[in-house]
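Below is one structure; the comments refer to it alone.
The values are calculated or read from the model by the stated rules, or taken from the named source; none is laboratory data. Source: prediction; values computed, not measured. We place every Cβ from the backbone using ideal geometry, glycine too, and count neighbours over all the protein chains shown.
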């Protein structure tokens, strides 16, 4: 069945209303709502509005902070450390981008690390803010309170999928790289397990260390794990990437897996680079445009599937969904309707007209 479509601006208003009804400060509710909808617009539908129910539950339980400001632990010209005080991750990341833009313009690059953030949703959802300003952005995240990925050669979960993202401006479609150090995500495992589906490939290990296609092993007792990027044969690559991200997040934050668990959340690494301080924006575009053209014109392995660059499909999907409505996975639409019933905000009709909010 084709997923039903919903107006992107109306979805943003709906999420905003729910978040405010649960007590989240208005300015933070705006950041969370736009970030979740942006995730769906780009096609990351396990890390868009699918997360809203969990966020509302965390606000209701008091494990996500409703208002206030991050604590500045360290502040230098091009490097900062914040304690996020378990404020909503999207609000902290957007505030971090705001803080880093003038510093990157001044120093060429600037970095923010955030400890004790709540979950930050889809990493790709933030990248356009940088690329539209001709800045390069790197963003990485780990969750020190969650274990679902074993180190290469191991069988016990230790890491989270540990995503890392990079946004690079070009003359046309920006490069929007959003990958993780594991073969799949916790959210995708939960979705497939909930509908009794299997992965196409053995991306999991059961508790005995046997490779399996069954995502349900992650939720078994004792639990299995997600395999690191590279799988059984080359998982040392994903293991190395996971350690790199742990060093940039928990290591630089001085807060991570060695500390007491505080529940679902994030430790965040964010850097902005101004090409003007290096080879210049024209030089960056020249090199990246050439590479993009060379990749897209490369003879495809499958004749009807030409090479795509990271961001090509996402930006095409975003334009289509802004024009014609966001395709919500049936499970996401069902969860959103249940949230509306619980928190007193009527859910939208499919193809609902926009609410006048014009800036996603």
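Would you say residue 75 is closer than 28 Å to residue 106 by Cβ and surrounded by fewer than 17 Cβ atoms within 10 Å (Cβ to Cβ)? Show your work before the answer.
Working: closer than 28 Å to residue 106 by Cβ: yes; surrounded by fewer than 17 Cβ atoms within 10 Å (Cβ to Cβ): yes.
Here the answer is yes, as residue 75 does meet what is asked.
Residues satisfying the criterion are present in the stretch 2-10 (criterion: part of a strand (DSSP E or B), under 28 Å from residue 190 (Cα atoms), more than 19 Å from the chain's Cα centre (by Cα) and touching a residue at least 40 places away in the same chain (Cβ under 8 Å)). With respect to residue 53, determine if the residue is touching a helix residue (DSSP H, G or I) at 6+ places or on another chain (Cβ under 8 Å), surrounded by fewer than 20 Cβ atoms within 10 Å (Cβ to Cβ) and part of a helix (DSSP H, G or I). Spelling it out, residue 53 is indeed touching a helix residue (DSSP H, G or I) at 6+ places or on another chain (Cβ under 8 Å), surrounded by fewer than 20 Cβ atoms within 10 Å (Cβ to Cβ) and part of a helix (DSSP H, G or I).
Of all residues in the stretch 275-288, one or more are out of contact with any helix residue (DSSP H, G or I) (no Cβ under 9 Å at 6 or more places or on another chain) and buried (at least 18 other Cβ atoms within 10 Å of the Cβ). Just wondering, is there one or more residues in the stretch 88-97 that are part of a loop (DSSP other than H, G, I, E, B) and surrounded by 16 or more Cβ atoms within 10 Å (Cβ to Cβ)? Checking the stretch 88-97: at least one residue is part of a loop (DSSP other than H, G, I, E, B) and surrounded by 16 or more Cβ atoms within 10 Å (Cβ to Cβ).
Matching residues to (1) touching a strand residue (DSSP E or B) at 6+ places or on another chain (Cβ under 8 Å); (2) buried (at least 17 other Cβ atoms within 10 Å of the Cβ); (3) closer than 30 Å to residue 109 by Cα:
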| site | (1), (2), (3) |
| --- | --- |
| 193 | no, yes, no |
| 198 | no, no, no |
| 228 | yes, yes, no |
| 233 | no, no, no |
| 243 | no, no, yes |
| 249 | yes, yes, yes |
| 253 | yes, yes, yes |
| 266 | yes, yes, yes |
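Look at residue 43 and say whether it is in contact with a helix residue (DSSP H, G or I) (Cβ under 9 Å, 6 or more places away or on another chain), in contact (Cβ under 8 Å) with a residue 60 or more places away in the chain, not in a helix (DSSP H, G or I) and not assigned by TED's automatic domain parsing to the domain that holds residue 132. So residue 43 fits the description; yes.
Exactly one residue among 115, 105, 129 is modelled with pLDDT of 95 or more, surrounded by fewer than 21 Cβ atoms within 10 Å (Cβ to Cβ), within 18 Å of the chain's Cα centre (by Cα) and not assigned by TED's automatic domain parsing to the domain that holds residue 55, and that residue is 129.
Run down 258, 220, 211 and say which single residue is surrounded by fewer than 18 Cβ atoms within 10 Å (Cβ to Cβ), in contact with a strand residue (DSSP E or B) (Cβ under 8 Å, 6 or more places away or on another chain) and within 17 Å of residue 156 (Cβ to Cβ).
Details: 258 fails: in contact with a strand residue (DSSP E or B) (Cβ under 8 Å, 6 or more places away or on another chain); 220 fails: in contact with a strand residue (DSSP E or B) (Cβ under 8 Å, 6 or more places away or on another chain).
Among 258, 220, 211, only 211 is surrounded by fewer than 18 Cβ atoms within 10 Å (Cβ to Cβ), in contact with a strand residue (DSSP E or B) (Cβ under 8 Å, 6 or more places away or on another chain) and within 17 Å of residue 156 (Cβ to Cβ).
Restricting the search to the stretch 129-161, which residues are under 17 Å from residue 112 (Cα atoms) and either touching a residue at least 40 places away in the same chain (Cβ under 8 Å) or assigned to a loop (DSSP other than H, G, I, E, B) (or both)?
So the first thing to find is which residues in the stretch 129-161 are under 17 Å from residue 112 (Cα atoms), and the list is 129-130, 135-143.
Result: 130, 135, 136, 137, 138, 139, 140, 141, 142, 143.
For the stretch 346-360, the condition of being in a helix (DSSP H, G or I), assigned by TED's automatic domain parsing to the domain that holds residue 12, at pLDDT below 95 and surrounded by fewer than 18 Cβ atoms within 10 Å (Cβ to Cβ) holds for none of the residues. Determine whether residue 86 is modelled with pLDDT of 95 or more and either under 15 Å from the mean Cα position of the chain (by Cα) or on the phi > 0 side of the Ramachandran plot (or both). Here the answer is yes, as residue 86 does meet what is asked. The selection criterion, being in a helix (DSSP H, G or I), surrounded by fewer than 20 Cβ atoms within 10 Å (Cβ to Cβ) and in contact with a strand residue (DSSP E or B) (Cβ under 9 Å, 6 or more places away or on another chain), does not hold for residue 124.
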